[in-house]
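Here's the structure, in structure tokens; my notes come after.
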Amino acid sequence: MAERLEEVIGSVLSVPAEALSDGSSTENTPNWDSLRQLSILLALESAYGISITTDEAVNMNSIAAIKVVLKRHGVEIDS
């Protein structure tokens, strides 16, 4: 399931999924700017059938943080 997450995010960021890891974030990942952050959130909502709140979105600035939110929504993610 983590591969699917990285594929979704990689697709939005135009980077290979295998180049992403839990440590990938807005700080160290090319193309991960505020506009793409919004695109990532929308893609995640679509891919997993969830609704991300504004409070959750504010803290979703890394793949590790995204996994925490997805797990909170009942999405099973392999770490």
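Read-outs throughout are calculated quantities, based only on the coordinates presented, and are distinct from any laboratory measurement. No experiment lies behind these values; they were computed from the predicted model shown. Cβ atoms come from the backbone with ideal geometry, glycine included; neighbour counts cover every protein chain shown.
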Report, in debye and to the nearest 20, how large the dipole of the chain comes out about its Cα centre when Lys and Arg carry +1 and Asp and Glu carry -1 on their Cβ. 140 debye
Could you work out the pair-distance distribution P(r) of the chain from its alpha-carbon pairs, with 5 angstrom bin width and percents rounded to whole numbers? 3, 16, 33, 30, 15, 3
Exposed GluC sites (Glu not before Pro) absent - longest run of the chain, DSSP non-H/G/I/E/B, at most 15 other C-beta within 10 Å: 28-75
Between V68 and T26, what is the spin-label point distance in nm, taking each point 7 Å from the Cα along the Cα→C-beta axis? 1.5 nm
